[in-house]
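**Student:** This is the structure I have questions about; it appears just below.
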Amino acid sequence: MDYMFQSTVPTERRKGEKGLKCKACSREARENGYCELHMKAYENAIEKYKVWQKAMQISWKEYLSEIVKNPLTGEWAREVAESMIKSGEKQDGTSN
Ligand SMILES: [Zn+2]
């Protein structure tokens, strides 16, 4: 739980065109609320969830907390999962 504002990422300057920031970091967000890198992690998470669901009965929330708990989870995926847990986001695919 100590991933707060790591500066391992070269942060782009806040452009604030739309005032949209990534839900998982402070980079500029794309249309679904994540920056490019976190969006990729988000899409991967959804893909993997489909696989997990086939193998076991697991809810989206349970899945997210598994991601967070798993020491093998990449930094991006963990941050995305954390942000989704916090916002209580439902799994609804990548498009709106
Ligand atoms: Zn981000």
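The values are calculated or read from the model by the stated rules, or taken from the named source; none is laboratory data. Computed from a prediction, not measured in an experiment: that's the story for all the values here. Here Cβ is always computed from backbone atoms with ideal geometry, including for glycine, and neighbour counts include all displayed protein chains.
**Student:** What's the number of the only condition in (1) at pLDDT 95 or above; (2) surrounded by fewer than 11 Cβ atoms within 10 Å (Cβ to Cβ) that D2 fails to meet?
**Tutor:** (1)
**Student:** Still on this structure, I have one more. Would you point out the residue of the range 32-67, among those that are among the basic types (K, R) and within 30 Å of G19 (Cβ to Cβ), that is farthest from the ligand (Cβ to nearest atom)?
**Tutor:** Here is the first cut: in the range 32-67, the residues among the basic types (K, R) are 40, 48, 50, 54, 61.
Next cut, within 30 Å of G19 (Cβ to Cβ) only: 40, 61.
Details: K40: 10, K61: 21 Å.
Here the residue is K61.
**Student:** Scan A24, A77, A81 and give me the residue that is part of a loop (DSSP other than H, G, I, E, B) and at pLDDT 90 or above.
**Tutor:** Details: A77 fails: part of a loop (DSSP other than H, G, I, E, B); A81 fails: part of a loop (DSSP other than H, G, I, E, B).
After ruling out the rest, the residue left standing is A24.
**Student:** Go through the residues of the range 36-52 one by one and say whether even a single one is at pLDDT below 95 and loosely packed, with under 13 Cβ neighbours inside 10 Å.
**Tutor:** Scanning the range 36-52, I find no residue that is at pLDDT below 95 and loosely packed, with under 13 Cβ neighbours inside 10 Å, so the answer is no.
**Student:** Does any residue in the range 36-53 that is over 13 Å from E79 (Cβ atoms) and free of Cβ contacts under 8 Å to residues at least 24 places away in the same chain come within less than 7 Å, Cβ to Cβ, of a residue that is of a type outside the set (S, T, N, Q) and in a helix (DSSP H, G or I) six or more places away or on a different chain, and which pairs are these?
**Tutor:** W52/Y63
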